[in-house]
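Below is one structure; the comments refer to it alone.
The values are calculated or read from the model by the stated rules, or taken from the named source; none is laboratory data. None of these values were measured; they are calculated from a predicted model. FYI the Cβ positions are ideal-geometry reconstructions off the backbone, even for glycines, and counts take in every protein chain you see. Ligands, DNA and RNA are excluded from the accessible area calculation, which covers all protein heavy atoms including side chains. Shrake-Rupley method; radii C 1.70, N 1.55, O 1.52, S 1.80 Å.
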Amino acid sequence: MEKKTVLIIGATGSIGTQSIDVLKKLDGFKLVGFTYHSNSDLAMKIKSEFPDVEMLSTRTELDEFEDFISHLRPDITIVAAPGFAGFELAYRAIPYTRRLSLANKESLVCGGKFLKERLKSNDVELVPIDSEHSAVFQLIEDEIERIVITASGGALRDWPIEKLRFAKPSDVLKHPVWSMGKKITVDSATMFNKALEVMEAMELFDIPFEKIDVYVHREGVVHGMVFLKDGTVKIHASVADMRIPIALSLTYPERSYEFPKFPNFSSLTFEKLSRERYPLFFLVDSVKDSYSLKTAFNAADEIAVQAFLNEKIGFMDIPKVVERVLEKIDVEEAESVEELKKADEEARRLACEITKSC
Ligand code: NAD
Ligand code: MG
């Protein structure tokens, strides 16, 4: 049987390198190309392991990326680049591939409507990689009552609330469950990551905000649950290792990846989110109905997190900056990807002004 060809957008990152690891262990798939942004040493190392593979730095124009992928035409495109940039690349990739294996959550949050229309008109499949969404994707049925996605609570989940404002980047970057890129690790501690994931789930499963619950689940074993109308709750559990959902996004609907570890647990706990500890999460309600506002929300967080990592603002300033941007921004609902881009740029400009960091 002919091997399925795979392209990775953002191969040098956390999801990207784990995708390469999975590809080395799976039969029937062949890496044909990858992009990277700035880590050219790691890119060269990947190239030396896969000499026939083509690579491209995405520090170029989007048109160059389109030339690159239109020539490779991979069966599967893994989208492992972060942020709004990841959405733009995913959007451009759609006409030249058969399946998007999507790790980038901003694609659905910021551009869900545009992305889904383009997937449909090009008859391209979408399989989520984000672990909670992969979990729900595996459980979902036609008629569901509600879904649950779980959260680790982030690195500061046990800090006294009054101490949170003194947290340093080094404190925040110690994630209790997952090992991930820096941005998403900070977003786990503020629960911004879960805010994105709720909006990602709304798009993926066509489910209203009110029917999605989030619980802090310390053990990191259960990733998602689906409540059915007959009173049944289906629960997905696995070891917290992104290679499992990455592999499934390639092999789906089959499972051929062998991962010998099973979840280890003696108790499972689920706690409600505290508004005081995670104020950023609770801003979802004010942005969820507008792609422009969701894009602004995302852009503001990106700048605020960078400012925090550069020690220009404190940890508890992150939600304040995002809230200020949302108060100040004046955007119309975007009718096109270009208009979304404007919302993204305007929010970045405002966040830069507020944080005085860029
Ligand atoms: P990362 O920072 O480790 O890696 C990002 C990759 O994208 C790198 O290869 C980098 O070179 C490239 N990149 C960076 N900026 C870029 C830009 N402007 N344009 C194009 N490419 C760029 O990030 P990550 O943790 O692997 O996360 C990638 C995406 O996957 C994010 O959207 C994140 O939310 C999502 N995600 C990650 C995890 C995880 O476990 N890390 C889990 C679920 C979802
Ligand atoms: Mg996740």
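Report, by residue number, each residue of segment 325-358 that is among the hydrophobic types (A, V, I, L, M, F, W, C) and either in contact (Cβ under 8 Å) with a residue 40 or more places away in the chain or outside any helix (DSSP H, G or I) (or both).
Leu326, Ile329, Val331, Ala334, Val337, Leu340, Ala343, Ala347, Leu350, Ala351, Cys352, Cys358 - these are the residues of segment 325-358 that are among the hydrophobic types (A, V, I, L, M, F, W, C) and either in contact (Cβ under 8 Å) with a residue 40 or more places away in the chain or outside any helix (DSSP H, G or I) (or both).
Residue-wise test of (1) surrounded by 24 or more Cβ atoms within 10 Å (Cβ to Cβ); (2) among the β-branched types (Val, Ile, Thr); (3) more than 12 Å from ligand 1 (Cβ to nearest atom); (4) at pLDDT below 95.
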{"site": "Leu102", "(1), (2), (3), (4)": "yes, no, no, no"}
{"site": "Lys113", "(1), (2), (3), (4)": "no, no, yes, no"}
{"site": "Lys120", "(1), (2), (3), (4)": "no, no, yes, no"}
{"site": "Val124", "(1), (2), (3), (4)": "no, yes, yes, no"}
From the set of residues in segment 186-200 that are among the charged types (D, E, K, R) and within 10 Å of Ala151 (Cβ to Cβ), which is nearest to ligand 2 (Cβ to nearest atom)? Glu197
Meets criteria (at pLDDT 95 or above, crowded, with 20+ Cβ neighbours inside 10 Å and part of a strand (DSSP E or B)) for Ser107: no
Across segment 157-179, which residue is nearest to ligand 1 (Cβ to nearest atom) among those that are touching a residue at least 24 places away in the same chain (Cβ under 8 Å) and under 18 Å from Val216 (Cα atoms)? Trp178
Out of (1) in contact with a His (Cβ under 6 Å, 6 or more places away or on another chain); (2) crowded, with 21+ Cβ neighbours inside 10 Å, what's the single condition that is false for Val214? (1)
Test: Ile129 is within 21 Å of the chain's Cα centre (by Cα), buried (at least 18 other Cβ atoms within 10 Å of the Cβ), away from ligand 2 (no atom under 16 Å from the Cβ) and at pLDDT 95 or above: no
Kindly indicate which of Leu204, Leu248 is part of a helix (DSSP H, G or I) and open to solvent by less than 20 Å² (accessible area, probe 1.4 Å). Leu248
Selection from segment 205-221 of residues that are touching a Pro at 6+ places or on another chain (Cβ under 8 Å) and either under 18 Å from Ser274 (Cβ atoms) or within 12 Å of ligand 2 (Cβ to nearest atom) (or both): Arg218, Gly220
Could you tell me which numbered condition Gly153 fails, if it satisfies all but one of (1) outside any loop (DSSP other than H, G, I, E, B); (2) within 16 Å of ligand 2 (Cβ to nearest atom)? (1)
Conditions first: (1) touching a residue at least 24 places away in the same chain (Cβ under 8 Å); (2) over 21 Å from Lys182 (Cβ atoms). Ser48 passes all but one, so which condition is the exception? (1)
